[in-house]
Amino acid sequence: MLLFLGTQIGITQPAAKAQTPVVPTTTTKSICSTQLGTAIDAVINRPLFSRGRWGILVQPLSTGQTLYSRDAQKYFTPASNLKLLTTAAALQQLGANFRIRTSIYQNGKGVLRVVGRGDPSLSDTQLQTLAQQLKQKGITQIQQLIADDSYIQGDIVNPTWQWEDVQSDYGAPISSFILNQNIFSLKLVPQAVGKSLQVLWIDAGEAKQWRIINQSVTVAQNQPIYVNVTRELSGTALRIQGQLTTNSEPSLIDLPVVDPNYYFLRRFRTALAREKITLGQTLVESGGVNQQEIAFVESPPLSELLMETLQNSNNLYAEALLRALAVKKTRGKNQTSADAGLEVVKASLTKLGVDPANYVLVDGSGLSRRDLVTPQAFVQTLRGIARTPTGYVYRASLPVAGKSGTLKGRFQDTSAEGIVQAKTGTLTGVLSLSGYLNAPKYEPLVFSIIVNQSEQPATVVRQAIDEIVVLLTQLQRC
């Protein structure tokens, strides 16, 4: 069953779910490097791919020798392969042990200031830890709690993202305060036939923020099931459409919060109440004086944040890391954190040997269709970071074919299983895969495969990509 959120996100979502198992079929168990071009061409020149665009580059990891190239210097929409660039820069600039700190400062009697710094891993568990730290300091009453959101500047969602993405969980807003990945949940429960689905809120506080337009229905057991939840442009109403059968399980729906700052404050009030700390006024300010730090929590180290970003193709983590890079640069007047982060990414990639003419970046996750990257840029990045002292951390963060992350359901029972570490990417009409391959009878390879403007089902294109990768595993010197 596909649950449709917004406009068919089961199809368009680029991020986090392991993809449909595909077992490529190949008739050759070994292939000479001189035959590789003919073998790959036989896959991508099939008539059903005649209208799509393919960009491919395959090189040995140790040299710049080209084993195969197809439009490798032309721009493509990269989808989530773009996360390879963001994470490479983050690892180079911030280091594997970098952590993001959320602090509470005491600014006078009864006045506390909480400073968010864009930790994408922050959850209710960490909020409870902060509340416990305050209780241990003898604080039982807070007259005023100020949320300082000045650390990250700029739009909370990228202005080039599509509306269907902005109202979906994988397009959650990015700000100084990120809690529970800035999504909230509700359940849709079937009733008697003909009745609307019942809406159950996981967080009662969020129920007060929305007006529900419930156009759903419960249907008989032999009927198809689908659910479509959209947010109206006003941002205050949720429209629920679709149908579930009387015997079906409740459907869990994740939606992005509208205002991350006040979502954080509502949840923190609940955490404080559990520790019997009363909270008076709450407000949001941008900037101010931070005096004595009396409580803090920190994110896991960057090495673990990279795992979530790349293994599960987490857009929010990638965007948070982009903004974390802004600390490495003095922002210009009116420059957003994201734009400052993009400048740091560019400088970092140049140091890794990536030609700046090979990419145009507008976000950190690849969710924007205005991102443009060449296959060559990905290969240059992968080869460049492999030569650095932390290259092993980067490579270990990637999904492994048939084993983990978004590649867990791919390449099983093929010669690629366990020897390919690569990043997936998916948007409507876009599929990409770039990474490393330890060819058993050849030297280690680095590759990038991007398909754009394809009208074929994603499963069909994905199978062709996987066939090419399996060919690479069979490469040998002749």
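Looking at segment 184-209 only, could you name the residues that are surrounded by 19 or more Cβ atoms within 10 Å (Cβ to Cβ) and either more than 26 Å from the chain's Cα centre (by Cα) or under 20 Å from Gln126 (Cα atoms) (or both)?
Residues satisfying the conditions are Phe184, Pro190, Leu197.
Can Ala377 be described as touching a strand residue (DSSP E or B) at 6+ places or on another chain (Cβ under 6 Å), buried (at least 24 other Cβ atoms within 10 Å of the Cβ) and more than 18 Å from Met307 (Cβ to Cβ)?
When the stated conditions are applied, Ala377 passes them.
Residue by residue through segment 295-331, note down the ones that are under 28 Å from Gln128 (Cβ atoms) and either in a loop (DSSP other than H, G, I, E, B) or at pLDDT below 95 (or both).
Those that are under 28 Å from Gln128 (Cβ atoms) and either in a loop (DSSP other than H, G, I, E, B) or at pLDDT below 95 (or both): Ser299, Pro300, Pro301, Asn312, Asn314, Val327.
Considering every residue within segment 332-341, establish whether at least one is charged (D, E, K, R), touching a residue at least 40 places away in the same chain (Cβ under 8 Å) and part of a helix (DSSP H, G or I).
Scanning segment 332-341, I find at least one residue that is charged (D, E, K, R), touching a residue at least 40 places away in the same chain (Cβ under 8 Å) and part of a helix (DSSP H, G or I), so the answer is yes.
Which of the residues belonging to segment 184-232 are in contact (Cβ under 8 Å) with a residue 60 or more places away in the chain, hydrophobic (A, V, I, L, M, F, W, C) and within 22 Å of Val257 (Cα to Cα)?
Passing the criteria: Phe184, Leu186, Leu188, Val189, Val227, Val229.
Please indicate, with yes or no, whether at least one residue in segment 271-284 is crowded, with 20+ Cβ neighbours inside 10 Å and either touching a Lys or Arg at 6+ places or on another chain (Cβ under 8 Å) or within 19 Å of Gln144 (Cβ to Cβ) (or both).
Looking through segment 271-284, at least one residue is crowded, with 20+ Cβ neighbours inside 10 Å and either touching a Lys or Arg at 6+ places or on another chain (Cβ under 8 Å) or within 19 Å of Gln144 (Cβ to Cβ) (or both).
When you check Leu382 against the structure, is it in a loop (DSSP other than H, G, I, E, B), in contact with a Leu (Cβ under 8 Å, 6 or more places away or on another chain) and crowded, with 18+ Cβ neighbours inside 10 Å, yes or no?
So Leu382 fails the test.
What is the residue count in segment 85-105 for residues that are surrounded by fewer than 20 Cβ atoms within 10 Å (Cβ to Cβ) and in contact with a strand residue (DSSP E or B) (Cβ under 9 Å, 6 or more places away or on another chain)?
Adding up the residues that qualify gives 3.
For segment 298-317, check the following and say yes or no: at least one residue is in contact (Cβ under 8 Å) with a residue 60 or more places away in the chain and more than 24 Å from Pro399 (Cα to Cα).
Yes.
Which condition number in (1) at pLDDT 95 or above; (2) basic (Lys, Arg); (3) within 24 Å of Arg383 (Cβ to Cβ) is the one that Lys441 fails?
(1)
Would you point out the residue of segment 417-436, among those that are among the aliphatic types (A, V, I, L, M) and surrounded by 23 or more Cβ atoms within 10 Å (Cβ to Cβ), that is farthest from Ile40 (Cα to Cα)?
Leu427
Which condition number does Ile294 fail, the rest of (1) touching a Leu at 6+ places or on another chain (Cβ under 8 Å); (2) within 15 Å of Ser365 (Cα to Cα); (3) surrounded by fewer than 21 Cβ atoms within 10 Å (Cβ to Cβ) being met?
(2)
Take the residues of segment 93-118 that are β-branched (Val, Ile, Thr) and farther than 30 Å from Tyr392 by Cβ: which is modelled with the lowest pLDDT?
Going through the qualifying residues, I end up with Val111.
A quick yes/no check of all residues on (1) part of a loop (DSSP other than H, G, I, E, B); (2) in the same structural domain as Val393 (by TED's automatic domain parsing); (3) surrounded by fewer than 20 Cβ atoms within 10 Å (Cβ to Cβ); (4) not charged (D, E, K, R):
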residue	(1), (2), (3), (4)
Lys83	no, yes, no, no
Gln128	no, no, yes, yes
Ile152	yes, no, no, yes
Tyr170	no, no, no, yes
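So in segment 228-253, with the set limited to residues that are of a type in the set (Ser, Thr, Tyr) and surrounded by 14 or more Cβ atoms within 10 Å (Cβ to Cβ), which one is farthest from Ser168 (Cα to Cα)?
This residue is Thr246.
The values are calculated or read from the model by the stated rules, or taken from the named source; none is laboratory data. Everything numeric in this text was worked out from a predicted model, so none of it was measured. All Cβ positions, even for glycine, are placed from backbone atoms using ideal geometry, and neighbour counts span all protein chains on display.
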